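Worksheet: the structure to be examined is printed underneath.
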Amino acid sequence: MFGSDMLNVVIGLVFVYLLLSVICSGINELLASVMSLRSKNLEKGIRNLLSDPNGSGTAQQFFQLPLVKSLGRRVTSSTRHLPSYIPSRTFSLALFNLLFPENEDKGSKTIQDVRQAINNLDADPDLKNNLLSFVNNAQDDLDKFRTSIETWYDDAMDRVSGWYKRRVRAIILTLAVVLTVVMNADTFMIVNVLWNDASMRNTIVANAGAAVENASISDTSAATERIQFASAQLNELQLFGWSPSTIVADKVPDDIIGWLRKLLGLFLTAVAVTLGAPFWFDILGKLINLRSSGKVPPTLQETNNESSGSLTSGRA
């Protein structure tokens with residue numbers, strides 16, 4: 001019995017972490033979309049790649065190319081957002097179009113034509129030197145030159161992805177701290193409630209099992225849908241918050257030891273949330289499978305019904 005209760009407490013805690021992670025990741029996705037973080041990050045990477053950090057020279061010409069503009073999301077009939085992703089093949093074709101504008105002769109080009117176009121390009125010397133090194137390594141093979149450009153671009157995009165991931169981690173951490181403090185999602189407090197309240201524990205375990213079985217929290221669904229689902233689950237539990245309407249009693253500590261414990265509990269929750277929804281969903285699935293051979297505990301409503309029935313029978 002003790003082992004079963006302990007497992008259910010762990011499942012409940014992991015489910016709470018999962019719900020909070022889903023809310024944070026969903027908000028992050030909405031912010032990234034509204035602020036066009038991916039496209040801005042890509043633009044910064046290409047500016048650096050083309051040795052045009054201000055975006056007023058070669059990079060500006062690059063993003064004005066029809067081939068590149070067509071990848072951006074259309075805002076109006078005449079304007080588009082910058083693209084958030086450019087394939088390496090498209091980049092090499094666009095760069096080739098930059099070397100040989102459309103108004104020039106469209107006949108077949110040789111590696112010497114490319115070399116001459118690079119020398120005539122109005123660009124930063126570092127960019128021209130990089131391109132000329134690719135030409136020299138190509139040894140009269142135009143396809144090899146294109147391949148070098150694509151590899152160069154892919155390597156740069158790996159660094160850009162690293163920038164974006166670090167930025168996202170910082171945003172997620174900020175969201176996790178704010179959400180944890182606002183909701184008073186103290187890990188110690190959550191464990192205490194789940195351990196002492198069998199009805200709450202059974203309800204949250206049942207909800208966790210249903211979420212795993214139905215894949216209710218799926219990365220394929222829209223961010224707003226995931227946020228709404230997670231928020232509804234948390235609201236149903238009424239486990240969090242600083243107000244008297246929530247279940248927990250130790251909302252505001254009254255001594256230093258209590259505040260230290262509270263801060264540590266909030267810190268643990270915030271750190272757990274930064275691990276991400278996929279991580280906790282995977283852990284939750286394994287825990288649910290671990291206990292699947294046992295009897296599923298009743299929900300809060302079922303527990304109340306059973307208690308009511310027993311009292312009635314006793315009076316009879």
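The values are calculated or read from the model by the stated rules, or taken from the named source; none is laboratory data. What you are looking at is a predicted structure, and each value in this text was computed from that prediction instead of being measured. Glycine also receives a Cβ, built like all others from the backbone with ideal geometry; neighbour counts cover every protein chain displayed.
Suppose the filter is in the same structural domain as residue 177 (by TED's automatic domain parsing), assigned to a helix (DSSP H, G or I) and at pLDDT below 90; does residue 210 pass it?
Yes: the conditions hold for residue 210.
Please go through segment 1-43 and give me each residue that is of a type in the set (Gly, Ala, Ser) and assigned to a helix (DSSP H, G or I), ordered by number.
3, 4, 12, 21, 25, 26, 32, 33, 39
Just one of 215, 222, 208 is surrounded by 15 or more Cβ atoms within 10 Å (Cβ to Cβ) and hydrophobic (A, V, I, L, M, F, W, C); which is it?
It is 208.
Residues 295, 286: which one is at negative phi, among the basic types (Lys, Arg) and at pLDDT 70 or above?
The unique qualifying residue is 286.
Within segment 154-201, which residues are in contact with a Pro (Cβ under 9 Å, 6 or more places away or on another chain) and either over 30 Å from residue 12 (Cα atoms) or of a type in the set (Lys, Arg) (or both)?
Selection gives 201 alone.
Just one of 176, 170 is free of Cβ contacts under 8 Å to residues at least 40 places away in the same chain, part of a helix (DSSP H, G or I) and within 18 Å of residue 276 (Cα to Cα); which is it?
170
Please find, among 242, 280, the residue that is assigned by TED's automatic domain parsing to the domain that holds residue 176, at pLDDT 60 or above and part of a loop (DSSP other than H, G, I, E, B).
Exactly one of 242, 280 is assigned by TED's automatic domain parsing to the domain that holds residue 176, at pLDDT 60 or above and part of a loop (DSSP other than H, G, I, E, B), namely 242.
Here is a check on your reading of the model: is residue 180 surrounded by fewer than 19 Cβ atoms within 10 Å (Cβ to Cβ) and at pLDDT 90 or above?
no
Does residue 155 satisfy the condition of being at negative phi, surrounded by fewer than 18 Cβ atoms within 10 Å (Cβ to Cβ) and either modelled with pLDDT under 90 or β-branched (Val, Ile, Thr) (or both)?
For residue 155, the condition - at negative phi, surrounded by fewer than 18 Cβ atoms within 10 Å (Cβ to Cβ) and either modelled with pLDDT under 90 or β-branched (Val, Ile, Thr) (or both) - is not met.
Test residue 260 against the stated conditions and say whether it is loosely packed, with under 12 Cβ neighbours inside 10 Å, at pLDDT 90 or above, assigned by TED's automatic domain parsing to the domain that holds residue 7 and at negative phi.
Yes.
Counting residues that are under 28 Å from the mean Cα position of the chain (by Cα), at negative phi and modelled with pLDDT of 90 or more, which helices (runs of 4 or more DSSP H) fully inside segment 64-147 reach at least 2?
Where helices (runs of 4 or more DSSP H) fall fully within segment 64-147 and carry at least 2 residues being under 28 Å from the mean Cα position of the chain (by Cα), at negative phi and modelled with pLDDT of 90 or more, they are 88-99.
Check residue 26 against each of (1) on the phi < 0 side of the Ramachandran plot; (2) of a type in the set (Gly, Ala, Ser); (3) at pLDDT below 90 and name the one condition it does not meet.
If we test residue 26 against (1) on the phi < 0 side of the Ramachandran plot; (2) of a type in the set (Gly, Ala, Ser); (3) at pLDDT below 90, just (3) comes out false.
In segment 44-58, what residues are touching an Asp or Glu at 6+ places or on another chain (Cβ under 6 Å) and part of a helix (DSSP H, G or I)?
58
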